[in-house]
Structure formats: structure tokens, C-alpha cells
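Undergrad: Could you have a look at this structure, given as C-alpha cells, before my questions?
The values are calculated or read from the model by the stated rules, or taken from the named source; none is laboratory data. On a predicted model such as this, the values are computed, not experimentally measured, just so you know. FYI the Cβ positions are ideal-geometry reconstructions off the backbone, even for glycines, and counts take in every protein chain you see.
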Amino acid sequence: MPETLVIRGGRVVDQTGTRDADVLVESDRIVEVGANLTGDRELDAGGCVVAPGLVDLHVHLREPGMEEAETIETGARAAARGGFTALVAMPNTTPPQDDPAVVAAVLAAGARSCCDVRVAGAITRGRAGTDLAPMGELHALGVRIFTDDGACVDSAGVMRAALDYAASLPGAVIAQHAEDTTLAGAGHMHEGDWSSRLGIPGRPGAAEDTIVARDCILAALTGSRVHFLHLSTAGAIELVRAAKARGLPVTAEAAPHHFTLTDAACASFDPVFKVNPPLRTDADVAAVKAGLADGTIDAIATDHAPHPTEAKERPFEEAPPGMLGLETALALALGELVAPGVMSLRDALARLSWAPAAIAGLADHGGPVAPGSAANLCVFDPTQRWVVDADQLASRARNTPYAGRELCGRIRHTILRGCAVVVDGEARA
Ligand code: DOR
């Protein structure tokens, strides 16, 4: 008989509703959900929410090429500590994930980690925006999301060719980093009042809006799915809302920093607040929240972007863009979206779990918490207060913009394929 695990005394929240129940896991499956269950081992979930494991569509693991910032192992551990049971690793590694051998190596290392690591393949060779990557070969390895993230596919013709190619690959989706390089390229923060005042060259919101408008038109032309990464402007969100109303096959994500921080943070000249697309205005933050609330934005994705401390200590205009996100995402969603009533807990979990699982085609993630489902779960205490300490993060990097901030809500346990990979907040592997 395989060992059984009971998750005892929690409040189960998934797409089917909310109920107080124990969850019994055998091997890698949920076998029973109900009262007074017993198992060989127990995890206490008293006072906690038991939910489908979170799914992050947008993570930079840095391996191969920048292991001083993160490795597949440390990034996966940070993900597990954040309640994520699956993540999609972005292709801007060195060498990039435009090659079957690189993708196979990342998948193999991911399979040994404490998160289900999936890989996004590059759209173009070298992420250079000109020649298509061998998308069919990457698809055969299990790649479903293709993106040049970190770089925009600026050429409409190349984007159209990628969308046409993707139409022949079941489950494939083209994900765009929507920032026109010719408009955004020379900027280091949002172009607006703050950039003028600080004398830092800006990246206009129009760089995002124009690409989103164009790619909605290309989704209509080709009938292929387009996913917009890390949307940050009110204009882009309105365009996606209109495209969805027309029935176009578009989806979108937003990162926690785009609903919690504004460009005013750059007044510190601290590069920890430098990110692409950049932190924007109060009105844009309000639009991101409204887009998440009404489902225009399907998913919350972290854009976890670790960088070595030395790199982030350079002057603002020389430092690389990007910030950590995996270990703070859930608490930020609870604090900034659920607590103020922007959306229900169930809707926040939809954006963090089952909606991104559906976009990535991950049948074994995103619940429901019911007999027969894969045992990929997170258990969190929505009332636990904690202060972000960069030195306590599982990530190898330290570039969190939330250091010193008090958050509410913390992961207690994470269960991956029936194994407790995080117990009482501590990673087991
Ligand atoms: O801020 C960012 N950092 N945006 C991106 O698109 C790439 C990422 C990175 O890789 O550091």
C-alpha cells in the first residue's frame, strides 16, 4: 500500500467553491475530500486555506548562463516557498532556450527540483527577432509557450509567421513582451512626470499600447492565440478588453509589482525599482487592478527576475531591469486585491492557479481539489503577518523591492505530486 497523507483541518478553496474539509492524498493523487480523514502522515492546516498549487507563467531561472543570480534548483525552491507547484521558465538564458538541447537540459534539471518546471521556447533564433526558432522541435519536447521575453518581437511580419506556425502546433501560444523597441529602447523608467523630474530617460506607455493593438489585429488575422506578458498600462488593458469582447483568442497576465508600486518609487534612484515594462502611474495601477478584477487580465505572473547584487548596485541607468517575485506574490495579491475588496479570494486564486494552468495547458495543475486530481496543492495562512527580509528568501538573489515591507498571508505547506516540498514554511529539498 502506498503511504497516505492527510491535510487536516483547512478551508478548501477552488473553482468549485469553499468548504471545510480534510484532504487525503495517496501517491500523487487526491483520493478523498471530507471530514475526519486519516492517513499515515498528517499536515496541519488549521486556520489555513487549502488550494490548488499556484502556477507562474513567467519566471527567469537564469540557468544556463547566470547561475550567480539563480539556478533551476534555487528558483524552484523559491517558487515552492511561494506556493507555486508549476512555473514556466523564460528563454533569455545564455545560451537561450531556442535550441532543443538547451530546452532538454533545463527540463531535466527541473525534473529534479521541487517545482514542476516547464520551459518557454524562444520565438526567434537568439531572440533576435528575425528568424523563427525551431518551434516544432521545441514543441515535440513539450514546449507550449513561445516568447522572446526580455525582447519584443518588433516585426509584424515575423510575429505573423510565428502565429501561423503556432497554428499547426497543438496547444501552442505565442507570448509577447509588448514594448516596441524603437519607442522604449533608450529608456530606463516610465516616461512621465517622474522621469522628467528625475532626468532619467523614459519608456512611454505607448510602446506597450502600440504592440498590443497590433498583435490583437494579428490574432484576428491568423486566428492564433496571443498571450500578453506583464501588462502595465491602462491603454493596453483597454485594448485587450475590447479584443476579448470581439472574441479574439487573446489572454493576458500582470505582475504583482504593476499593481503594488508606481514610478514614484524611482525617485530613490534605487535600481531595485527598475523593471521592464517599467513601474507606471497610479492610474495604470488602478487599471491593472480593474483588469484583474473583471478578468480582462487572466493571470498574475511574477516575472521573477533575479540579478546579482553587484549588478543591481550600479547606477540606475546602468543596472539591469528586473525584480524578484516568487516568494511575495501570494501575499501581495491577498493584501492589495483581496483585503481591500478588489476581488474575492477565489478570483485571486483563479488568477494565480487555474487560469494560468489553462493558458499553459497544464492538466495536472490548477485543481479542483477533488478525488482524482493530481495532488499539487498549496496551504496558506491568510492571517499570518511577516516582514520581507531579502536575506531570508530562498532565491539566490536579493533584489526584492519589498524588503522591510509587512505583508499578510504566508505559505505554510506546498505539496508537489503528493510530496510535501514545503512544510511549515521551510523547503524540504
Ligand atoms: O525587467 C525585466 N527583467 N523585464 C524583462 O522582460 C526581462 C527581465 C530579466 O530577464 O531580467
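Undergrad: Any idea which of Phe273, Phe259, Phe228 is under 17 Å from the mean Cα position of the chain (by Cα) and more than 22 Å from Ile123 (Cα to Cα)? Steps first, answer last, please.
TA: Numbers: Phe273 fails: under 17 Å from the mean Cα position of the chain (by Cα); Phe228 fails: more than 22 Å from Ile123 (Cα to Cα).
Of the residues listed, the single one that is under 17 Å from the mean Cα position of the chain (by Cα) and more than 22 Å from Ile123 (Cα to Cα) is Phe259.
Undergrad: So which pairs qualify, if the first residue must be in the stretch 92-116 and under 19 Å from Ala128 (Cα atoms), the second must be at pLDDT below 95 and of a type in the set (Ser, Thr, Tyr), the Cβ gap must be under 9 Å, and the two must be at least 6 apart or on different chains?
TA: Hits for this filter: zero, empty list.
Undergrad: I've got another one for you. Pick out, from the stretch 44-123, the strands (runs of 3 or more DSSP E) lying fully within it that include 1 or more residues that are touching a Lys or Arg at 6+ places or on another chain (Cβ under 8 Å).
TA: Working: elements: 49-52, 54-59, 84-89, 116-119.
Per the criteria, 49-52, 84-89, 116-119.
Undergrad: So which residues in the stretch 126-174 are acidic (Asp, Glu) and outside any helix (DSSP H, G or I)?
TA: Let us first name the residues in the stretch 126-174 that are acidic (Asp, Glu), namely 131, 137, 148-149, 154, 164.
Answer for the stretch 126-174, where residues must be acidic (Asp, Glu) and outside any helix (DSSP H, G or I): Asp131, Asp148, Asp149, Asp154.
Undergrad: Being crowded, with 23+ Cβ neighbours inside 10 Å and more than 16 Å from the ligand (Cβ to nearest atom): is that true of Thr296 here?
TA: Numbers: crowded, with 23+ Cβ neighbours inside 10 Å: yes; more than 16 Å from the ligand (Cβ to nearest atom): yes.
Yes, satisfied.
Undergrad: Also, I was wondering about something else. List, please: which pairs have Cβ atoms under 9 Å, are six or more places apart or on different chains, and start with a residue in the stretch 212-228 that is under 18 Å from Thr181 (Cα atoms) and without any contact (Cβ under 8 Å) to a residue 40 or more places away in the chain and end with one that is of a type in the set (Lys, Arg) and buried (at least 20 other Cβ atoms within 10 Å of the Cβ)?
TA: Close Cβ pairs (under 9 Å, with a partner that is of a type in the set (Lys, Arg) and buried (at least 20 other Cβ atoms within 10 Å of the Cβ)) do not exist here.
Undergrad: Which of the residues spanning the stretch 360-406 are among the aliphatic types (A, V, I, L, M) and either closer than 17 Å to His304 by Cβ or over 21 Å from the mean Cα position of the chain (by Cα) (or both)? It would help to see each step written out before you state the result.
TA: Step one: list which residues in the stretch 360-406 are among the aliphatic types (A, V, I, L, M), which gives 360, 362-363, 369-370, 374-375, 377, 379, 387-388, 390, 393-394, 397, 403.
Within the stretch 360-406, Ala360, Val369, Ala370, Val387, Val388, Ala390, Leu393, Ala394, Ala397, Ala403 qualify.
Undergrad: Hey, can you tell me all the residues within the stretch 135-160 that are under 16 Å from Ile217 (Cα atoms) and among the aliphatic types (A, V, I, L, M)?
TA: Result: Val153, Ala156, Val158, Met159.
Undergrad: Related question: Among the helices (runs of 4 or more DSSP H) confined wholly to the stretch 299-357, which include 1 or more residues that are within 20 Å of the chain's Cα centre (by Cα) and more than 16 Å from the ligand (Cβ to nearest atom)? Let's see the steps before the verdict.
TA: Values: elements: 309-312, 329-333, 345-349.
It comes to 329-333, 345-349.
Undergrad: If only one of Ala286, Ala255, Ala290 is among the hydrophobic types (A, V, I, L, M, F, W, C), within 13 Å of the ligand (Cβ to nearest atom), under 26 Å from Ala357 (Cα atoms) and out of contact with any Pro (no Cβ under 7 Å at 6 or more places or on another chain), which one is it? Let's see the steps before the verdict.
TA: Values: Ala286 fails: within 13 Å of the ligand (Cβ to nearest atom); Ala290 fails: within 13 Å of the ligand (Cβ to nearest atom).
The match here is Ala255.
Undergrad: Would it be correct to say that Ala236 is within 16 Å of the ligand (Cβ to nearest atom), part of a helix (DSSP H, G or I), surrounded by 24 or more Cβ atoms within 10 Å (Cβ to Cβ) and over 17 Å from the mean Cα position of the chain (by Cα)?
TA: Values: within 16 Å of the ligand (Cβ to nearest atom): yes; part of a helix (DSSP H, G or I): yes; surrounded by 24 or more Cβ atoms within 10 Å (Cβ to Cβ): yes; over 17 Å from the mean Cα position of the chain (by Cα): yes.
Spelling it out, Ala236 is indeed within 16 Å of the ligand (Cβ to nearest atom), part of a helix (DSSP H, G or I), surrounded by 24 or more Cβ atoms within 10 Å (Cβ to Cβ) and over 17 Å from the mean Cα position of the chain (by Cα).
Undergrad: Here is a further query. Mind listing whichever residues of the stretch 175-202 are among the aliphatic types (A, V, I, L, M), touching a residue at least 24 places away in the same chain (Cβ under 8 Å) and either over 25 Å from Ile297 (Cβ atoms) or in a loop (DSSP other than H, G, I, E, B) (or both)?
TA: Looking only at the stretch 175-202, we keep the residues that are among the aliphatic types (A, V, I, L, M), and these are 175, 178, 183-184, 186, 189, 198, 200.
In the following step, the residues that additionally are touching a residue at least 24 places away in the same chain (Cβ under 8 Å) were identified as 175, 178, 183-184, 189, 198, 200.
Result: Ala178, Leu198, Ile200.
Undergrad: What are the pairs with Cβ atoms under 9 angstrom where one residue, in the stretch 49-65, is within 16 Å of Gly366 (Cβ to Cβ) and aliphatic (A, V, I, L, M) and the other, located anywhere, is more than 14 Å from the ligand (Cβ to nearest atom) and at pLDDT below 95? Sequence gap at least six, or different chains.
TA: What qualifies is Ala51/Gly367.
Undergrad: Can you go through Gly425, Gly404 and tell me which one is without any contact (Cβ under 8 Å) to a residue 24 or more places away in the chain and on the phi > 0 side of the Ramachandran plot? Lay out the reasoning, then the answer.
TA: On the way: Gly425 fails: without any contact (Cβ under 8 Å) to a residue 24 or more places away in the chain.
That would be Gly404, the only listed residue that is without any contact (Cβ under 8 Å) to a residue 24 or more places away in the chain and on the phi > 0 side of the Ramachandran plot.
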